[in-house]
Amino acid sequence: MLNTQKRIKKIRKYYRFYQRERNIRDSFSGFFQKEATGGILLFFATITALVFANFPQLFDLNSIWEKELAISTGDFVQKMTLRGWINDGLMMIFFFVVSLEIKREIMVGELSSFRKSSLPIAAAVGGMLMPALIYYAFNVDSPATARGWGIPTATDIAFAIGILSVLGKRVPVSLKIFLTALAIADDLGAIIVIAVFYPVHAIHFDMLMIAAMVMATVFILNLLQIRYTLIYFITGLVLWFLILQSGIHATVSGILLAALIPARTRISGTKFYVHTGFLIRKFRKNYVENKTILANRECIDTINAMRTEITKVSSPMQKFESSLHSFSMYIIMPLFALANAGIVINFGAIDICSEVSLGIICGLIIGKPAGIFLFGLVMIKSGMSKFSDGMNYRLLLNAGIFAGIGFTMSMFVSNLAFEHQSYTDTAKIAILISSAIAGILGIAATLSAKKKRHNKKMFCP
């Protein structure tokens, strides 16, 4: 009898875990699919940039990025290189999308409550603080390179999830969820670091004052429940130009705009359910009676009414995120890699033992997992946080190893941190090396954990 009850409890436990896993897969399948595909494209773009940079006889890709493009309207002219348009223009959209995702997670997702967010946020803080301290310890005597402390603080979610997708079912769902929440919190920290500590020029406060007025206008539009995305698109372009001229990096405009984009809908979910239910019943009645749509005016009017209801229940934040996420993953990030990862690798000139290289490599490979694990350990032991179902200390450390993949954000910060191009190139090579090592170590740790779990199941009595 006792054995039967134990078996029933075990079956129920596995069933609850299966239900939770299935629900999580359903919720995150689209997100993981996009991020994984984006990570794969990012990988191939990086390899392509490196090949063409080191074999210019095949194709001189760098000359394309250095071509100047200008946009002019009357007396207004904005001229930048193609690489500048990518780094200062398209990357604004990337930061806008990332900020929208962070905003959504804070409102309704994995960061929406203290219970959900405390562990990944604390781990992200540790994963940023420890690498920054390690880097600064190597470069404390060199003011020219000490500014690069922000480089090893970032995590590249696209690359990390791309690797997890290749591993497939070998990766526990709990690790995917935790790493996603961790990377989102890490992105928030990286955005703050870039906005506060890496202005690109002298600050022009007159432009900032005008930008503040534009932001106040967007805020008022939000309060007035104006939901036309075209208005926010136009004000976003104006805000981008003002921030670009202010001396703060232009991508900050994407962050500020995302914070002000309306997240509320015109009607509540209850009203949407009631209205669409009525319209569906009306459509069914007309369709059953006439067996046609095209020639039935009532059916067409009902479909148009449904479209109106769907528009009302979709907020500008949802519209922007759904329409721009794929563009950001599949176009902007690969273009950024093509434009910035093309480093000429001269093995005779590379100094892996330089302060910049050691600070970045040790920061990403050692500092990231150490900071994430230690801060997570403190939160769990103090009782301020607890593991979600399926998570444990081993997977916490595993997430920290994967977080050492710091490609896109780290590359971006390296472009801002140094005045001398030689330091920037050294930093980018160190980022590539440490990200590759972190990915390999993460795969090895995941496969090792999977093998141990499999052996334990086989030999358990």
Inset, instruction - For region 81-148 and region 204-233, write down the distance between their C-alpha centroids in whole Å. - result: 25 Å
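When Lys and Arg each count +1 and Asp and Glu each count -1, what net charge do the other residues less than 13 Å away from Cys362, Cβ to Cβ, add up to?
Combined, the nearby Lys, Arg, Asp and Glu give 0.
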Legend entry - Fewest-first sequence of His420, His275, His204, His249 by Cβ atoms within 10 Å of each Cβ: His420, His204, His275, His249
Inset, instruction - In whole angstrom, note down how far apart the Cα centers of region 361-380 and region 293-345 are. - result: 37 Å
Legend entry - Label-point gap, in nm, between Ala212 and Ser72 - each point 7 angstrom along Cα→Cβ: 3.5 nm
Inset, instruction - Work out from phi, with θ = phi - 60° and the Karplus expression 6.51 cos²θ - 1.76 cosθ + 1.60, the ³J(HN,Hα) of each residue of region 127-132, listed in order in whole Hz, and give x for Gly and Pro. - result: x, 9, 5, 5, x, 5
Legend entry - Residue-span extension gain [Ile331 to Arg115] - 0.36 nm each, minus C-alpha spacing: 74.2 nm
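Less than 13 Å Cβ to Cβ from Val413, Lys/Arg counted +1 and Asp/Glu -1: what total charge do the surrounding residues give? It would help to have the intermediate numbers written out before the result.
Values: positive: Arg147, Lys428; negative: Asp156, Asp186, Asp187.
Net charge in that neighbourhood comes out at -1.
How long is the gain from Val108 to Ala259 if the chain were fully straight, where each residue apart is worth 0.36 nm and the alpha carbon distance is subtracted? Each step should come with its number before you reach the end.
Working: separation 151, 0.36 × 151 = 54.36 nm, distance 1.50 nm.
The span from Val108 to Ala259 would gain 52.9 nm if fully extended.
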Legend entry - Within-12-Å neighbourhood charge of Arg266 [Cβ basis; K, R +1; D, E -1]: +3
Legend entry - Cut-off under 5 Å, modelled amide H: who pairs with Thr81 long-range: Leu69
Inset, instruction - Apply the Karplus parameterisation 6.51 cos²θ - 1.76 cosθ + 1.60, with θ equal to phi minus 60°, to every residue of region 380-396 and state each ³J(HN,Hα) to the nearest whole Hz, in sequence, with x for glycine and proline. - result: 6, 5, 7, x, 6, 9, 8, 5, 6, 4, x, 8, 7, 5, 5, 6, 4
Inset, instruction - Rounded to the nearest 0.05, what FRET efficiency do Lys381 and Gln318 give with R0 = 35 Å and r taken as the Cβ-Cβ distance? Could you check? - result: 0.35
Legend entry - Sorted by Cβ density within 10 Å, fewest first, the residues Val140, Val313: Val140, Val313
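Every number in this text was worked out from the coordinates using simple rules, so none of it is lab data. Remember, predicted model here, so these are calculated numbers, not experimental data. Heads up, the Cβs are rebuilt from the backbone with ideal geometry, glycines too, and the neighbour counts pull from every protein chain shown.
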